[in-house]
Amino acid sequence: MHAFEEWPFVIALLGLAIPAIFAVAAVALPRRAELVGAPALAMAVCFTVGVALFKGTPGDDGASLGVRADAVTCVMLLLVTSLGVVIAHYSRTYLQGDPGLPRYQRWLLLTLSAVTTLVIANNLVVIALGWTATSIALHQLLTFYPDRTAALVAAHKKFLVSRLADACLAVSLVVIHSNVGSLDLDRIEAWTTAHPHLSPSMQFAAVLIVVAVALKSAQLPFHGWLTQVMEAPTPVSALLHAGVVNIGGFVLIRLSPWMSQAVFAQMLLVTIGLTTAVLAALVMTTRVSVKVALAWSTCAQMGFMLVQCGLGLWHLALLHLVAHSLYKAHAFLSAGTAVEGWRVDALAKPRSAPSPTRLVVGIVAALGAAALFIALVQHFVALSPADRFSVPMLAILVSLSMVPLVAQQTPSIAVYTAGAGRVIAVALLYIGWHVAAAHLMPTHVGVSNYLGCAFVGVGFVGLFAVKVTLQMAPNGRLARAIYPWLFAGFYLDERFTRITFRLWPPRRLPRSSTQPTIQLQKTIEVGT
Amino acid sequence: MSHLNAAAVDPPKTSSGVGSPFNPRLDEAIESACARIAPAWPLDRFIAVNPFWGLVDTPVSEVAAKLQAHSGAQLLMPRAWYSEAYRDGRLRDEHLQAAIDESHSNMSLTALRALLQQDEPARSTRARVVDLVDADRDLIHHMSWRSFITQNVSQFCAAYFDNGQAQLKPSREGGLYASWRRHAQKDRSPSLLMGADWYSKYPHDLPMTASDLTVTALAALDIPPHEQESYLWSLLLDQNGWASWCAYQRWTARLEGADDTTLSELLAIRLAWEWMLYRSGGDGLARRWRGALASWAQIDAAAAAARPHDWLLQTAMEIAWRAPVLRTLPSGFETARPTTVSVQAVFCIDVRSEVFRRALEATAPSIQTLGFAGFFGVPLDYQPLGAPTPRPQLPGLLAPRLRAQDIGLGPEAETQRDRALELGTHWKSFKTDALSTFTFVEALGLTYLGKLVGDALGLSSVRSVDQAGLSRTNNTQRKPRLIGSVTGQPLDFDARCDLAAGMLRGMSLTHRFARVVMLAGHGSATRNNPHAAGLDCGACCGQTGEVNARVAAALLNDPEVRKGLTKRGIEIPETTQFVAALHNTTTDEVEFFDLDELPPSHRDDIATLGSWLKDAGARARAERAPRLGLHEKDPSRLGRIVQARTTDWAQVRPEWGLANNAAFIVAPREHCQHLNLHGRAFLHEYRHQEDKGFGVLELIMTAPMLVTHWINFQYYASTVDNERYGSGNKVLHNVVGGHIGVFEGNGGDLRIGLPMQSLHDGTRWVHTPLRLSVFIEAPRSAIDAIVQKHANVRALAQNGWISLFQLDDEEGAIYALRAGRWHPVGVQAENAGSPRSDPGSSVSSDAVRSRE
C-alpha cells in the first residue's frame, strides 16, 4: 500500500523538524524563545502518535532519513521538548531586564536543538557530534556571567572533562566502525545479534564508551564541575540536570544490544555507578545549600542509572532517567521555596531519632515484605535469568528505603494508617512504572550480571547501615570519623580544580574585588 | 507606653565573653570591633537593617572613609550616577549651591561641577597578611588565598549554624571556634587545592580557646595596641556576611538578657588564618608585613581624602528631591481636621501605604486615613496552633513581651495539624534520605510532570505558612488572639487597658471615632521567593501584619477594655467598631478578618468600605503598574495580570517593595494630604497638641523613626555597594541552611541585604539612594529634648545619617536641624537667599558643639 509506505518518511521529517525549529528560532528570533517550545512539543506528540500507529507496518525499515523512530526516541523527545517549554517560559520572566537575555535564549535554543538532534539520530557520529554541540552550547549558558570567576572555573572543568570524553568516544567510534563497518545504530544492533561473543577490540570500544559516559555523567572523581555550576541562572541548572547530564544514560540505552554483551564495560559501569551513587548520596546529606545538595543528588542518581545499565536493566534506566529529569527540573526551578518549606517544618514539633526497637521492627517488616514479594513473583511470574537476581535485589532496596516512612512515627492509629497507605501506594507506583517501562523497551538477552547484582546489593545495604548508624548516633564515633570526609567530598575535586587553574585559568576581569591587591603593590613600595 | 523599652535599641556595649582576662584593653578592642558589625536577620524574619548601625556615632563621611580603608566598601554612588542626574536636569546648580551653603564648605560651585566630570580616585585599602601572600602568587594560574579562606570559613560556618538543610552536621561541642579548630586540624583542602604543604602542622598549634588565639596571634603579628581594634574590624569585614549572622545571634541573645560569643569566635577564626599564613611566609613576609603595617596610616589618610566632596553631591541629590516637598508642604498646614468621617482606616507607616491611602482618599473623601507602625504597638510574638516555638511579630529593635496564640480551634484541630505536619516531615525525609531518594525518584519522579505543568501555569494554590496542616474550615475558624505575656501569665485587666490606650494615643486617635475603624496590617504575595519575608514587612520581623491587626482589633472591641479606656480618658462610642484587615501590597487588595464577630448593624458599613477598597485598589495598581513594566490600561485586566504575577514561580520582581523611600513624615494626615509623594514617604499620624509631655513623640522618634532609618539604609547600602551590603543577583541565589541567608551562586560569603532585582530593573536603578528626610510636626523644643536625651537619635541627626526637619504649623514654616541648630527653610529661606540661623532653638548639647 503506497500510502502506508510514505508514513515512516513523514514521521522522520517530523522528527527532523524539531531540532530544526529550535535552530532556526535560535538564529532568527532568539528574543521570543518561549514561543518555540509549544510547537516543538506538539511535533513531538505527533511524532509519538505516528510511531505508535505505524510502528511495524510495512515500509518501516527502522530508520528513514537517519531518524530512529522508536519508543525511546518518543520518550526522550517528549521529555526534552516539555522541559524546553517550561524552561524557556520560566527564563523569559526570570531574566527579564537582563541585557543578556537574547544571548541567553539563543544558546538555550541551540542546546535544545543539539539535544533533540542526538535523540532522533540513528547514527553514532551524529550522536557524538550532537553531544559535543550540546556541551558547547551549554558552555555558553554556564558562562552567562563571564565576570564570575567561579562560573568560569566550573565551566572550564566541565569543558576539559567533556573533551576528554569526546576523545574516548571518537576512538571508540573508530574501533566500532572498523569492526561493524557502519556506525548506524540498527547496523550495530544487527551485527551484535550476529556476533554474540564480542571481540577484544569491541570490548575495548565498549569500555571507552563507558568511560566517556562516566565523564559526562559527573561520576566520581570527575563530578566537580556539576556540583559547582550554581554560578549560572537557576533555569540553566534545571536544563543541565534534567536534560543534559543524563545523555550518557541515553547513549548507553541506544547501544544496549551491544552493551549487554560487553562484560567488562558492564562491570565497569556497575563499579563506577555504585561508588558514585553511595558516596554522593552520603555527601549530599552534609551539603549546606539547597542547590548544591540537589547537585550531589544528581551525581548519585546518575550513578544509580549507570548501575541499572550495568546490570542490564535498560528499561529501568530509561524510567530512572525520565523520572529523575522531571523531578530535578522541578526541584531546581522551585529552589526558592526552601525558606517557605523551612517555615512549615518549623511549625512541626521536633522529633527525636527513631528508637532502636522501632527501627528493628521497621527493618524486619521491610525485609519480610521483600521476601514475600520475591516469593510471590517467583511463583507467579516467569523471570528471565537476569531478573532472577535483579528483582530480589531491587525488592530489598525498595523495602529498606521505606523504613523512614514507618520507623519514625508517633504511636497513633491514624498516623500508622496514613504511613501504611503511603508505603503501599509508593510500592504500587514503583512496580507499576517498572512494568510499564518493561513494555516500552524490549529486553536484551545479555550476559547476566550475577556478580554485579550481588555487588550492588551489598553496596546499598551498606549504605543503609551507615545511614542508620549516623541517624541514630549523630555524634557517635562513626559520625565523627566519617563527617570530615563527607563534608570535604572526599577531597576528590581539589586536585582537579588546581589542574584546571593551571591549564585554563579563568579570565580575570578588572573588578572591584581585585582592587585591594592592585593597590597593594603601591603600598608595599611605599612601606619598604 | 512603658512596654516599648527604648533602651533596647542602643547598640549594645557590654563586654564580650572572649578576650583575655589579663588584657582588658584587648578585650575592649575585640568588643568594639564586634560592636561595629550590625546584625543580619535570617530570611524567615528578614528585617531591614542599617548595616552601619554600629558606626552611627561617627559622621557618615568619616565612616565611608574608614570602610573604604578597611574593606574597600563604598558609601556613595559612582560619580557617573551624579553627573547623569545633572545632565538630566534632576540635579541643578541651585541644589549644588545649597549643598555647599548647608555644609559651610569652602568648595566653589565650579569646583563641585568639575567633580562631576572626573573619575573617582583609585581606592586604597589596607593590606592584610592574606593580601601580601596573594600579591606574591600567580593569581592567574592559582586560586587566591582570599577567596579560598572566605569560601572555607563560609562553608564551615554554614555547616555549623545549619538547622534546616544538611542532615549531618559537625559537632558543636565547645562552640564555633573549638568546632572550627577540629575541622581545621583534619582539613586537607589547603594542601590539595592551594598547594600549601606547610598547612598540615599549623592547625595543631592553634590555642584551645578563641581568646588565647587572639592574644597569641596579635602578638605574633605584632599589631600595635592602637591598631588592634581596626585590624580586627577589617578581618570581620572580610567575612561580613557571617559576621552579621553572628551579630544577629548576639543581638537576639542580648534582647533576651543573655549573650553570645560566636562573633568574637568568628573573628578568632579569621585571625587564625592570618597567623597561619604569616607563619608560612618566613622572614620575607615578616619584613613586608612590617612595611604594610607602616603604610596603614597613609592609606587611612588617602581614603579620607578620596571623596569627601562627593558628599556634597549626595546632599545635593537629597536637596533636589526635597525642594518641591518643602515648597508645597506648608500650604497644607492650615487644612482643618476632618469633622464628619465615615471610616478611619489605619495603615502601616510603610511607603507602600502612601499610594494606597491616596487612592482610598480619592475614592471616598469621607474616609480619614492614618499611619501607624504596622505592628500596632502590640509587642507580641505569635505561636501558631501546635507550633513548638513562637515567632516575633514586632520590630527587631524590641523584645516581645506579649504572646498571641490561635484560639477558636479545639484540641482535635491541633492533633490533626500535628499529624499532617508529621506526615509532611516523614515524606520530606523519604524524599531526601541517602537511600530512599533513589526509590522516591523512580516511584514518584514521573508525577513531577504534573507539578511542572501546574507551577509553570501558576495553578498551584498559594497558602500562607500559617495555614499549613489546617483544613480550610479550621483555618477560617482560627483566631489569633492575645493570651498573655511571653512567660505565659495572663494579662491583667489594667495591663490590657493600658495596652489599648497606648495604641490609640500612639496613633493620635483618642476622640472623634468614626463608626468603623479599620486596622490594616500588610503582607505581600509572591512565590518561590527566598526574600518573600522582606516584602511582607521589612520592619516587623518579616511577618505579615495579620496577627497584630486581629489582636489589636479584638482588644479594642472588648467592652470591658472600653470601660477601662473611658477611665483613662478615651471614650469610644458604642457605635464604633474596629475591624482587622490585611493590605496585600503586591495586588493592592484588602482582606477583612473576623467579620463573624461584627454586629449586624455594621454589615452595610463594611460592605460599602469593601467596595471603596476595591476601587482604591484598582487606582493604586494603575499607579504602580508602569514601574512594573505593565502598560495595560483596562483595570480588570491589569488586576488579573498583577494577580498572575503573585503565583508566577519565575517572577523575581513581584513588586518594588520599599524601593525609592526617601522621607518620613510625622504629622496629621490632613497636613500632607495634598501631596502626591509617589510612595516615597513613610507617614505617621501625630498630633502634638494632644501629646502631653511628648511621650508619644519620644516613642515615635526612638522606635518608628529608627525603623524607617534602618529600612532607608538597607536600601541605601544595598544600592551603593551591592557586592558587600546587598545580596547580588537573584537568579543565582542559593538558600543556605534552609533559612539563614543566601549564597550568590555556589558559595562565597553569606550575602546580606537586598537583591539587585529589588533595586534595579535591568537598565536603571529603581531605588534612588537618598538618606531619609524626617519631617516632624511638633514644637522644636520637644524635638530638641528628645534628640538630646537619646544618644542614638542624636547620633543619626548629627552625623548625617538622617536629615531632621520641623514642620511649624503655627508659623507655616519648615525648619531644618543642622549642626545642632534650627534653620528656617522653604519659602522664607528662598526669599532670604540664604538660610538664617535661629538662635532661639538650638540643641545645646556639648557633644554637638564639639563636632562643629
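Each reported figure results from applying straightforward, stated rules to the coordinates on display, with no laboratory input. Note that this is a predicted model, so its numbers are computed, not measured. Counting neighbours? That spans all protein chains shown, and the Cβs are built from the backbone with ideal geometry, glycine included.
Grab the alpha carbons of chain B, take their convex hull, and tell me the volume per residue in Å³. Could you put the intermediate results ahead of the total?
Numbers: hull volume 154.5 nm³, N = 852.
Hull volume over Cα atoms, normalised by residue count, gives 181 Å³.
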Among the trypsin sites (Lys or Arg not before Pro) within region B:582-637, which fall in a DSSP loop and have no more than 15 other Cβ atoms within 10 Å of their own Cβ?
B:Lys633
Please state the equivalent ellipsoid semi-axes for region A:123-335: what are the square roots of 5 times the Cα gyration tensor eigenvalues, largest first, in whole Å?
30, 18, 14
Could you give each residue of region B:432-443 its phi-based ³J(HN,Hα) in whole Hz, using Karplus coefficients 6.51, -1.76, 1.60 with θ = phi - 60°, and x for Gly or Pro?
10, 5, 4, 8, 6, 4, 5, 5, 4, 4, 5, 7
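Residues with beta-carbon under 14 Å from that of A:Leu208, excluding A:Leu208: net charge, scoring Lys, Arg +1 and Asp, Glu -1? Present the calculation step by step, with values, prior to reporting the outcome.
On the way: positive: A:Lys216; negative: A:Asp166.
That works out to 0.
Shielding of B:417-428 by partners, i.e. mean partner chain Cβ atoms within 10 Å per residue? Let's see the in-between values first.
On the way: counts 2, 6, 6, 3, 6, 10, 8, 5, 7, 11, 3, 5.
What the average comes to for B:417-428 is 6.
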Within straight-line cross-link reach of B:Lys692, lysines at Cα separation under 26 Å, skipping those fewer than 8 residues along the same chain:
B:Lys563, B:Lys567, B:Lys789
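Return the average number of partner chain Cβ atoms within 10 angstrom of each residue Cβ along peptide B:468-481. The partial results should precede the final answer.
Numbers: counts 8, 3, 1, 0, 0, 0, 0, 0, 0, 0, 0, 0, 0, 0.
For peptide B:468-481, the averaged partner shielding equals 1.
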In Å, what is the Rg of the alpha-carbon atoms in region A:1-120, and how long is Dmax?
15.6, 56
Measure out, as a whole number of angstrom, how far apart the alpha-carbon centroids of region A:265-326 and region A:85-155 sit.
23
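Roughly speaking, what % of Cα-Cα pairs in region A:354-472 are separated by over 24 Å, rounded to a whole number?
Details: 2387 of 7021 pairs.
For region A:354-472, the share of Cα pairs beyond 24 Å comes to 34 percent.
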Mind checking which lysines have their Cα closer than 26 Å to the Cα of B:Lys431? Skip sequence neighbours fewer than 8 apart in that chain.
A:Lys216, A:Lys291, A:Lys328, A:Lys349, A:Lys467, B:Lys169, B:Lys451
Evaluated over chain A, the Cα radius of gyration and Dmax, each in Å
24.6, 93
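Which order do peptides B:800-809, B:604-613 fall in by mean Cβ count within 10 Å, highest first? Let's see the in-between values first.
Values: B:800-809: 23.1, B:604-613: 17.0.
Final packing ranking: B:800-809, B:604-613.
Of the peptides B:203-210, A:89-96, how do they stack up when ordered by the mean number of other Cβ atoms within 10 Å, highest first? Each step should come with its number before you reach the end.
Working: B:203-210: 16.9, A:89-96: 21.2.
So the peptides B:203-210, A:89-96, ranked by packing, come out A:89-96, B:203-210.
With Cβ to Cβ distances under 10 Å as the rule, what net charge do the other residues near B:Ala69 carry (K, R +1; D, E -1)?
Values: positive: B:Lys66, B:Arg123, B:Arg126; negative: B:Asp300.
Around B:Ala69, the charge tally is +2.
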Once normalised by the length of region B:464-547, the mean sequence separation of its alpha carbon contacts under 8 Å that are 6 or more apart gives a contact order in percent of 19
How large is ³J(HN,Hα) for each residue in region A:466-481, as worked out from phi by the Karplus curve 6.51 cos²θ - 1.76 cosθ + 1.60 (θ = phi - 60°), to whole Hz, x for Gly and Pro?
4, 4, 5, 4, 5, 5, 6, 10, x, 10, x, 5, 4, 4, 5, 6
Pairing rule first: another cysteine's C-beta must sit under 4.7 Å. Under that rule, which cysteines of chain B stay single?
B:Cys34, B:Cys157, B:Cys246, B:Cys348, B:Cys497, B:Cys541, B:Cys672
If all Cα-Cα distances of region A:468-508 are sorted into 10 Å bins from 0 onward, what percent lands in each bin, rounded to whole numbers?
27, 30, 20, 16, 8
B:Arg327 versus B:Gln117, label points 7 Å from Cα toward the beta carbon: distance in nm?
2.9
Extension gain, B:Arg25 back to B:His204 (0.36 nm per residue minus Cα-Cα distance, nm):
61.7 nm
Name the residues whose placed amide hydrogens come within less than 5 Å of the amide hydrogen of B:Leu772, ignoring near sequence neighbours (fewer than 5 apart) on the same chain.
B:Ser803
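Below 8 Å between Cα atoms, with a sequence gap of 6+, how large is the relative contact order for chain A in percent?
On the way: 661 pairs, mean separation 71.8, N = 528.
In percent, rounded to a whole number, it is 14.
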Applied in sequence order to region B:570-578, the curve 6.51 cos²θ - 1.76 cosθ + 1.60 (Karplus, θ = phi - 60°) yields integer Hz couplings, x standing for Gly and Pro, of 10, 9, 9, x, 4, 7, 8, 10, 8
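I need to check one value: relative contact order of chain B, counting alpha carbon pairs closer than 8 Å and at least 6 residues apart, in percent. Could the numbers behind the result be given before it?
Values: 1454 pairs, mean separation 145.3, N = 852.
Relative contact order of chain B: 17 percent.
Using helices alone, what [θ] at 222 nm do you get for chain B, with -39,500 (n - 2.57) per DSSP H run of 4 or more residues, divided over all residues and rounded to the nearest 500? Present the calculation step by step, with values, prior to reporting the outcome.
On the way: 32 runs with 394 residues, N = 852.
Here the helix-only value at 222 nm equals -14500 deg cm²/dmol.
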Treating only the Cα positions of region B:190-290 as identical point scatterers, give the base-10 log of I(q)/I(0) from the Debye formula at each q in 0.16 Å⁻¹.
-0.78
Answer with one residue from B:His671, B:Pro388, B:Val516: the one whose Cα lies farthest towards the positive end of the charge dipole of the protein assembly as shown, charges on Cβ with Lys, Arg +1 and Asp, Glu -1.
B:Pro388
Principal axis dimensions, the protein assembly as shown - Cα atoms, whole angstrom, descending:
108, 85, 65
Search the structure for amide H atoms under 5 Å from the amide H of B:Leu370, placed 1.01 Å from N in the peptide plane, and list their residues when 5 or more places away or on another chain.
B:Ala345, B:Val346, B:Phe347
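Full extension from B:Glu560 to B:Ala336: what is 0.36 nm times the residue separation minus their Cα-Cα distance, to one decimal in nm?
Length difference between fully extended and current span is 77.3 nm.
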Along Cα→Cβ, 7 Å out, is where each label goes; now give me the distance between the ones at A:Val360 and B:Ala305 in nm to one decimal.
8.0
What lysines could a cross-link reach from B:Lys201, if we take a straight Cα to Cα line under 19 Å and drop same-chain neighbours fewer than 8 places away?
B:Lys186
Inside 10 Å of the C-beta atoms of A:279-287, what's the mean count of C-beta atoms belonging to other chains?
5
B:Val517 long-range amide H proximity, modeled H, under 5 Å
B:Gln344, B:Gln577, B:Phe578, B:Val579
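Give me the mean projected area, in nm² to one decimal, of the convex hull enclosing the Cα positions of region B:615-752. Each step should come with its number before you reach the end.
Values: hull surface 46.4 nm².
Projected over every direction and averaged, the Cα hull of region B:615-752 covers 11.6 nm².
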What number comes out for the charge environment of A:Pro404, summing +1 per Lys or Arg and -1 per Asp or Glu over other residues with Cβ under 15 Å away?
+4
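What order, most packed first, do the peptides B:466-473, B:723-730 have when packing is the mean number of other Cβ atoms within 10 Å of each residue?
Going by the mean number of other Cβ atoms within 10 Å, highest first, we get B:723-730, B:466-473.
Could you tell me the calculated FRET efficiency between A:Leu129 and B:Trp427, based on Cβ-Cβ distance and R0 = 35 angstrom, to the nearest 0.05?
Numbers: r = 43 Å, r/R0 = 1.23.
Approximately 0.20, to the nearest 0.05.
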